[in-house]
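J.: Before we start, here is the structure in question, set down as structure tokens.
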Amino acid sequence: MSNTSRPEDFDAYWQQVCGELEATPIAAEEEHLPIRSTEYCECYTVRFTGIGPYRLFGYLSIPHGDGPFPTLLLGPAYRSVVDPLPQGDANEKRGRFLVFSTAGRGQRNADKPYAGVFPGMMTEGIDAPETSIFRGFVADWLRAVDYLLARPEVDRSRIAAVKKEGMPILTAALRPEVTHVAASPGDFYNTGAHVPGEVEDYLRLYPEKEEQVKRTLSYFDPFFFAPNVRARTLLWGNPEAVSPLAEAIAGETDVQATEHSSYKDGLFQEQWISDQFGFEDAIIPAHWQ
């Protein structure tokens, strides 16, 4: 189990976030993007509103043909730029899956009024859970799910949140409509024992804040979300290190150790998603073949 203590107001904290989202009109606006469209799909930019209120951004790729389509949510990652697909991925995937790739607050195309600094953003507001930037970042993942649930092209029986970090786990716990997850424990797993490098640097400057910082991080520990995750899950990580998390996840979970190869790990994940969604073959980049 996690060495971090579960905050007493953990549920109330996240209920408040979800309540703020519910009270915030999504106000989505789409614009066709011919330069990003292909023979497989049409691409759109999407601007939509998260808590704050804060204007968010995404690329929406919808396959040609009759839907609904199996859906991949590639939510905000801890970096500055978002693309319709991760660099090096097979563009043909956008002909099989509806893909929503989003930028959270502070990232490019969603950097007004706040422009995140990478590295550095992780410690923004970290002294208290109410001010942590990741409160909004998680809400941005949830808002992306809300947007997808309003699209008739989305196959609600096949919605996967995909990112090699912990956010898909948190998202599936708070949005049970997510049916599949491919994730890793992420930086906030078991921060009672260790903290991410940026936070370590912060605590080196402000050692007197260690207790309150670790309390903030505990609100984002995927271990505390795991009992509410019923999605079919692929969990990346050292099997021994992540076994407490895997056992805590309510849904069926496969643990896979990384081979430290984008090709080998990517091939496994693509095949796993394809299997889960009922496809015999995985669509992989030409340079992997």
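J.: Gly237's amide H: which non-local residues (gap 5+, or another chain) put their own amide H closer than 5 Å, with H modeled 1.01 Å from N in plane and none for Pro or chain starts?
T.: Amide H neighbours of Gly237, under 5 Å, 5+ apart: Gln256, Ala257, Thr258.
J.: In Å, the Kirkwood hydrodynamic radius of the stretch 1-152 over pairs of distinct alpha carbons? If you can, show how the numbers build up before the last one.
T.: Details: mean 1/r = 0.0606 Å⁻¹.
Kirkwood radius, the stretch 1-152: 16.5 Å.
J.: Quick one: if the Förster radius is 22 Å, what FRET efficiency do Ala12 and Asp155 give, using the C-beta to C-beta distance and rounding to 0.05? Intermediate results must be reported in sequence, preceding the final value.
T.: Details: r = 34 Å, r/R0 = 1.52.
Efficiency at R0 = 22 Å is approximately 0.05.
J.: Give, in nm to one decimal, the length gained when the segment between Ser5 and Lys164 is fully stretched (0.36 nm per residue of separation minus the Cα-Cα distance).
T.: Numbers: separation 159, 0.36 × 159 = 57.24 nm, distance 2.43 nm.
Here the answer is 54.8 nm.
J.: Something else about it: Averaging over every viewing direction, what projected area does the convex hull of the Cα atoms of the stretch 1-79 cover, in nm²?
T.: Working: hull surface 34.6 nm².
Mean orientational projected area (the stretch 1-79, Cα hull): 8.7 nm².
J.: For a quick check: with amide H placed at 1.01 Å from N, whose amide H comes under 5 Å from Thr24's, ignoring anything fewer than 5 positions away on the same chain?
T.: It is none; the list stays empty.
J.: Heavy atoms only, probe 1.4 Å: what % of the accessible area of the stretch 68-154 goes to carbon and sulfur, would you let me know? Kindly include the intermediate steps, with their values, before the conclusion.
T.: Details: 1520 of 2910 Å².
Heavy-atom surface of the stretch 68-154 belonging to carbon and sulfur, 1.4 Å probe: 52 percent.
J.: Of Ser261, Gly278, Pro185, whose Cα points farthest to the positive end of the dipole of the stretch 174-289 (charges on the beta-carbon: +1 Lys, Arg; -1 Asp, Glu; origin at the Cα centre)?
T.: Projecting each Cα onto the dipole axis, the largest value belongs to Pro185.
J.: If a/c stays under 1.5 just call it rounded; otherwise compare a/b with b/c (prolate if a/b is bigger, oblate if not). Do that for the stretch 229-289, with a ≥ b ≥ c from the square roots of the Cα gyration tensor eigenvalues.
T.: Values: a/c = 4.27, a/b = 1.47, b/c = 2.91.
Verdict is oblate for the stretch 229-289.
J.: Taking the inverse of the average 1/r across all pairs of different Cα atoms in the chain, what Kirkwood radius in Å do you get? Walk me through the numbers before you get to the answer.
T.: Numbers: mean 1/r = 0.0517 Å⁻¹.
It works out to 19.3 Å.
J.: When the chain is treated as a GNM, springs tying every alpha-carbon pair under 10 Å, which of Arg230, Arg151, Arg105 comes out with the largest mean-square fluctuation?
T.: Its mean-square fluctuation being the largest, the pick is Arg151.
J.: Also, I was wondering about something else. When the Karplus curve 6.51 cos²θ - 1.76 cosθ + 1.60 is applied with θ = phi - 60°, which whole-Hz ³J(HN,Hα) does each residue of the stretch 268-275 get, with x for Gly and Pro?
T.: Computed from phi, the couplings for the stretch 268-275 are 4, 5, 4, 5, 4, 5, 4, 4 Hz.
J.: Further question on the same structure: So how far apart, in nm, are the two label points at Thr258 and Arg230 if each is 7 Å from Cα heading toward Cβ?
T.: 3.1 nm
J.: Here is a further query. Taking θ = phi - 60°, what integer Hz values does the Karplus form 6.51 cos²θ - 1.76 cosθ + 1.60 yield along the stretch 32-44, in sequence order, with x for Gly and Pro?
T.: Those phi angles translate into 4, 10, x, 5, 9, 7, 9, 5, 9, 7, 9, 10, 9 Hz.
J.: Continuing with the same structure: Taking 7 Å along the Cα-to-C-beta vector as the label spot, tell me the Glu210-Asp83 distance in nanometres, rounded to one decimal.
T.: 4.1 nm
The values are calculated or read from the model by the stated rules, or taken from the named source; none is laboratory data. Just so it is clear, the structure is predicted and the values come from calculations on it, not from any experiment. Reconstructed Cβ throughout: ideal geometry from the backbone, glycine too, with neighbour counts over all protein chains shown. Ligands, DNA and RNA are excluded from the accessible area calculation, which covers all protein heavy atoms including side chains. Shrake-Rupley method; radii C 1.70, N 1.55, O 1.52, S 1.80 Å.
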